[in-house]
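Undergrad: Below is a structure I'd like to ask you about.
The values are calculated or read from the model by the stated rules, or taken from the named source; none is laboratory data. No experiment lies behind these values; they were computed from the predicted model shown. Every residue, glycine as well, gets a Cβ built from its backbone with ideal geometry; the counts of neighbours run over all protein chains shown. For the accessible areas, the whole protein counts, side chains as well, though only heavy atoms, and no ligand, DNA or RNA atoms are used. Shrake-Rupley method; radii C 1.70, N 1.55, O 1.52, S 1.80 Å.
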Amino acid sequence: SEGRIEVSTSPFYHPILPLLCDTNAAREALPDIRLPLRRFAHPEDAQGQLERAQAFMRERMGRPIAGLWPSEGSVSEAILPLVARAGFRWLASDEEVLARSLGVQLGPAGEGARRRLEALYRPYRLRRPGGVDLTIVFRDRVLSDLLGFAYSRWDPVRAADDLVARLEAVRQGLGASNADGHHLVAIILDGENAWEHYPADGRDFFDRLYTRLSERATLRAVTVGEHLAARPADADLPRLFAGSWINHSFRIWIGHEEDNAAWDTLGAARDALVAAERRDGGERPSVERLAQAWEALYAAEGSDWTWWYGDDHHSDHQMEFDALFRGQLIRLYELVDELPP
């Protein structure tokens, strides 16, 4: 209520929205990727995941949520009308997605560094047919990853001072590249993974960081909504590349034999659910059982299951994750009176 923070959200069961809309979206970043046997293309499920998230947050916050962090920063052109329809006003992704969207290289040195300064530290408008008018921001990958993976191993004072120095270097590099000198540096990371590795859960780091920021007239901590209210995006982004914040692709969640088998199994279960809805009279499951079956399907669409399939990641609990994924689909079949394959 004091406006000191802004709460954003993600799609309800954390699915990769572009792949729910169409698994062929994976080919934009990886044209030669091997896709599942059956194409999964259900934007209506992506819409449901967004609307569930918005309703959940509205019930708890007492107001609609403006900001969306799509699961794993995953975006595509196909998700934009769905995001707007669910009532969101801004979303975010990674700087590599911005580079591919603009068709340029944003690098650490030379011409790439100049382009990065000009392109990265500003919001963009996504205006599309049908009344879609969204804003998107892109995270500074270097600063975000320092917070997520490196600073926890540093002395907290040195880490905070380094971050402030890097922010000042960005400001000085930008110079007077826009009229009023105001730019937005988006720092986005999986905070729940990071802070437990910091001394004192990050408290010493944050005390130093916010003390240093409060002492400087040139740097100010703002929410995305606060910045956009004062300085709306004035640059259009005509094309949004289909990718995530991990290597600007969806390779983690699709393409490996195990990932593809999961997508095929998911598609078959969805078909069984739709067929059950269309049965005649007394053969059709009850409204309550169908609703529960849809909920099981939505849970199975979450990205965490395919995160652990394939050769990308390893966990001592992979068999449990596998059993949980299968369990959602088994429950779906049982709810519609079908024998699970």
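Undergrad: Is it true that G255 is within 28 Å of the chain's Cα centre (by Cα) and either part of a helix (DSSP H, G or I) or farther than 29 Å from L106 by Cα (or both)?
TA: So G255 fails the test.
Undergrad: List every residue pair whose Cβ atoms sit under 7 Å apart, with the two residues 6 or more apart in sequence or on different chains, where the first one lies in the stretch 28-43 and is closer than 19 Å to D271 by Cα and open to solvent by less than 30 Å² (accessible area, probe 1.4 Å) and the second, anywhere, is modelled with pLDDT of 95 or more and part of a loop (DSSP other than H, G, I, E, B).
TA: Going by the 7 Å Cβ cut-off, the qualifying pairs are L35/I254.
Undergrad: If you take the residues of the stretch 83-97 that are at negative phi and over 14 Å from the mean Cα position of the chain (by Cα), which of them is surrounded by the fewest Cβ atoms within 10 Å (Cβ to Cβ)?
TA: Top of the filtered list is R85.
Undergrad: Do we have D271 as without any contact (Cβ under 8 Å) to a residue 60 or more places away in the chain, in a loop (DSSP other than H, G, I, E, B) and either surrounded by 15 or more Cβ atoms within 10 Å (Cβ to Cβ) or not aromatic (F, W, Y) (or both) here?
TA: No, not satisfied.
Undergrad: Cβ-Cβ under 6 Å, sequence separation 6+ or interchain: first residue in the stretch 95-108 and without any contact (Cβ under 8 Å) to a residue 12 or more places away in the chain, partner open to solvent by less than 20 Å² (accessible area, probe 1.4 Å). Which pairs?
TA: Listed by first residue and then by second, the contacts come to Q105/G112.
Undergrad: Could I ask something else about it? Report the residue count in the stretch 227-238 for those that are surrounded by fewer than 15 Cβ atoms within 10 Å (Cβ to Cβ) and closer than 14 Å to G3 by Cβ.
TA: 2
Undergrad: Then there is this: Given the criteria open to solvent by less than 10 Å² (accessible area, probe 1.4 Å) and assigned to a helix (DSSP H, G or I), does L290 qualify?
TA: So L290 does not fit the description; no.
Undergrad: Of the residues that make up the stretch 214-224, is at least one farther than 30 Å from N24 by Cα and in contact with a strand residue (DSSP E or B) (Cβ under 9 Å, 6 or more places away or on another chain)?
TA: yes
Undergrad: Being free of Cβ contacts under 8 Å to residues at least 40 places away in the same chain and under 30 Å from I65 (Cα atoms) is true for just one of L167, L117, L146, L126. Which residue is that?
TA: Being free of Cβ contacts under 8 Å to residues at least 40 places away in the same chain and under 30 Å from I65 (Cα atoms) holds for just one of L167, L117, L146, L126, which is L146.
Undergrad: Looking at the structure I just gave you, is R122 closer than 23 Å to H227 by Cα, in contact with a helix residue (DSSP H, G or I) (Cβ under 9 Å, 6 or more places away or on another chain) and of a type in the set (K, R)?
TA: no
Undergrad: Can you name the residue in the stretch 306-341 that is open to solvent by less than 50 Å² (accessible area, probe 1.4 Å) and more than 26 Å from the chain's Cα centre (by Cα) and is also farthest from E295 (Cα to Cα) among such residues?
TA: Step by step, filter the stretch 306-341, then rank; the result is P340.
Undergrad: In addition: Kindly indicate the residue of the stretch 98-136 that is charged (D, E, K, R) and over 21 Å from the mean Cα position of the chain (by Cα) and also least open to solvent (accessible area, probe 1.4 Å) among those meeting that condition.
TA: Per the stated criteria, the residue is R116.
Undergrad: Out of the stretch 11-27, which residues are in contact with a Lys or Arg (Cβ under 7 Å, 6 or more places away or on another chain) and farther than 15 Å from L266 by Cβ?
TA: Within the stretch 11-27, F12, N24 meet the criteria.
Undergrad: Quickly run through the stretch 75-93 and pick out the residues that are among the small types (G, A, S) and more than 17 Å from E44 (Cα to Cα).
TA: Listed by number, the residues that qualify are A92, S93.
Undergrad: Anything in the stretch 2-26 that is open to solvent by 10 Å² or more (accessible area, probe 1.4 Å), farther than 20 Å from W90 by Cα and either small (G, A, S) or assigned to a loop (DSSP other than H, G, I, E, B) (or both)? List them, or say none.
TA: E2, D22, A25
Undergrad: May I pose another question? So in the stretch 184-216, with the set limited to residues that are modelled with pLDDT under 95 and in a loop (DSSP other than H, G, I, E, B), which one is most open to solvent (accessible area, probe 1.4 Å)?
TA: Among those residues, the one meeting the criterion is R216.
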